[in-house]
Amino acid sequence: MKRGIDISQWQGKVDFAKVKTQVDFVILREGYRNTVDPRFFEYVEGCTANDIPIHGVYHFLYPLNSQDVISEAESCIANVKKAGMPKTTRIWCDLEYDTIENARKKGVTLGKTDVNQFTKIFCDHIISQGYPTGVYTNGDYYKNYYSADILKKYPIWLADYTGDPDYDCIMQQYSSKGVIEGISGSVDMNYCFCADHQETRSQILDPQAVVDVALAETGYLEKSAAAYKKDKTVLDQKTAGAGSDNYTKYGRDMHALYPAVMDFPAAWCDAFVDWCFQKAYGVTNAKALLGGNFDDYTVASAQLYKNKNAWYKTPQVGDQVFFNSVSGGICHTGLVVEVNNSKKIFTTVEGNTSSAEGVVANGGAVAKKTYYFSYSRLAGFGRPLYGQVSGYTSGTDISSDSSLVKQAQIHLNNFVNAGLQVDGEIGPLTKKAYRRALQSAMNFDRGAGLDVDGDIGANSKAALKKVVLRKGDTGHLVTVLEIGLLLNGIDPKGVECPGIFGNSLHEAVGKFQAQTGLTKDYEAGYNTFMSLQQ
């Protein structure tokens, strides 16, 4: 956990050489309305000159309508670019009481619906321009204004001055009365719970990364069974061994990563998209971007986006596009690589499609295609949350009266397609599903190479002995830790995929350890995970 400050013009002249020795990071107010903060550029220069990490900027919104929101977002991005800040700069949406009061004075009443709509428009526009984003809010707005869709979709920076944060967040503003040498008067103080992961991940979640991977694959031809059996290395050659038997490097590689779901050989349009994402961003980030999981069944992949409220009717670069068959029903997919809004056309790169231009082959190929927005067989677009830290959480609506075991079963169904009956009973199938989830998570996070069979044998135990999770860690093992606590009757206050080891999980682990007689060190290692699965 790191400690930092957020500052605006109200801090006046700042001696950043003195500030440097007292904080780990700084967040700057970029501006408000279409106005830049009078000291924004000065503060950027001061932080840069003194090697103080800038963990983002925030923009205070004063819109009266949706058009105002877009205008303010564009103004903010222009100032960030002018300041020479990189695309990894997180741009926080700040919509508060003063936003509503300002609108009221101008004869416009803003309610809960407007708050959610304006926040979504701002954040989605920031994401569309390749920047990470998030929402600054307080407990009142978290509980009474913001919908679950917003709270699940975007990282939260929570103003909470009463100790540990009451709600899940990646950043907590814990005081407004901090004292920092080099700054006159009080200053806002903040904890960043996942700064290291934020910095690492946000640097790579740019939609152009996956577009570049996909474009480089155009011209690849599906291989015949005979060619594959003769020489398996033919899968890595673009045009050799062409055939129509569904043998491709995409299917091979994805099957190796996730054998329980990704078949090989099999129809491979969806495997191609998943392959491009994992090549561009790594396994953990790719799964998060794709709605929480890999899947080679187009219907299931589309549903993952729908579960996350990330399903759209018009395209953006980096979207996963889905097509219907002639008779109806989703049957094919690809990646959007270009969009021309004026002509209402978009271009894709698709796997398992008709042969690439200038190449004659009986089987499928990787090729570029262009469509009108009005194409009759267009089903929709799944939109990854590029630039997010943990933008995806469980999309399943779990009511407050559901038992903790039922919640765990729902998450196991999502995590490893367990097919469990959600009955709240911990039987052999539920226990085996949990062990499968643990093996799968070790493969994803640690490259353990385990058979995902639900049998915690010598190999699984050896891999598990290398695992120690602590506060601030992130990954699929954190998700499995959260699910395991649910199965043992302890609420970790949320299950994410990939998970983030925050304050609530920290306390939940300690509670479980105390109840089971383990050393109460608040860390999840071999003994804790072995106890969770019993």
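The values are calculated or read from the model by the stated rules, or taken from the named source; none is laboratory data. Note that this is a predicted model, so its numbers are computed, not measured. Methodologically, a virtual Cβ is constructed for each residue, glycine included, from the backbone with ideal geometry; neighbour enumeration extends over all protein chains shown.
At-a-glance table
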quantity	calculated
Subset of segment 134-155 (residues that are modelled with pLDDT of 90 or more and under 14 Å from the mean Cα position of the chain (by Cα))	GLY134
Selection from segment 444-471 of residues that are in contact with an Asp or Glu (Cβ under 7 Å, 6 or more places away or on another chain) and either farther than 27 Å from LEU404 by Cα or not hydrophobic (A, V, I, L, M, F, W, C) (or both)	ARG470
In segment 315-352, residue surrounded by the most Cβ atoms within 10 Å (Cβ to Cβ) [restricted to those that are in contact with a strand residue (DSSP E or B) (Cβ under 7 Å, 6 or more places away or on another chain) and assigned to a loop (DSSP other than H, G, I, E, B)]	GLY318
Hits in segment 38-81 - residues which are buried (at least 21 other Cβ atoms within 10 Å of the Cβ) and on the phi > 0 side of the Ramachandran plot	GLY56
Hits in segment 486-505 - residues which are at pLDDT 90 or above and surrounded by fewer than 17 Cβ atoms within 10 Å (Cβ to Cβ)	none
Selection count where residues are over 20 Å from ALA288 (Cα atoms), of a type outside the set (S, T, N, Q) and in contact (Cβ under 8 Å) with a residue 40 or more places away in the chain, scope segment 462-493	13
Residue within segment 275-292 that is free of Cβ contacts under 8 Å to residues at least 60 places away in the same chain and farther than 22 Å from THR348 by Cα present	no
Residues that are surrounded by fewer than 16 Cβ atoms within 10 Å (Cβ to Cβ) and farther than 13 Å from ARG470 by Cα, drawn from segment 506-525	ALA514, GLN515, THR516, GLY517, THR519
Given (1) touching a Ser or Thr at 6+ places or on another chain (Cβ under 8 Å); (2) within 25 Å of PRO38 (Cβ to Cβ), number of the condition GLN129 does not satisfy	(1)
Neighbours by Cβ (under 8 Å, 6+ apart or cross-chain): first from segment 232-255, touching a residue at least 24 places away in the same chain (Cβ under 8 Å) and more than 15 Å from GLY219 (Cα to Cα); second in a helix (DSSP H, G or I) and among the acidic types (Asp, Glu)	MET254/ASP274
Segment 97-149: number of residues that are within 25 Å of SER175 (Cα to Cα), in contact with a strand residue (DSSP E or B) (Cβ under 7 Å, 6 or more places away or on another chain) and of a type in the set (A, V, I, L, M)	1
Single residue of segment 99-133 satisfying the filter (crowded, with 16+ Cβ neighbours inside 10 Å and acidic (Asp, Glu)) that is farthest from the chain's Cα centre (by Cα)	ASP114
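Per-residue answers, yes or no, for (1) at pLDDT below 95; (2) over 20 Å from the mean Cα position of the chain (by Cα); (3) assigned by TED's automatic domain parsing to the domain that holds GLU482:
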site	(1), (2), (3)
ASP168	yes, no, no
TYR174	yes, yes, no
VAL179	yes, yes, no
ASP196	yes, no, no
LEU215	no, yes, no
GLY241	yes, yes, no
HIS255	yes, yes, no
ASP263	yes, yes, no
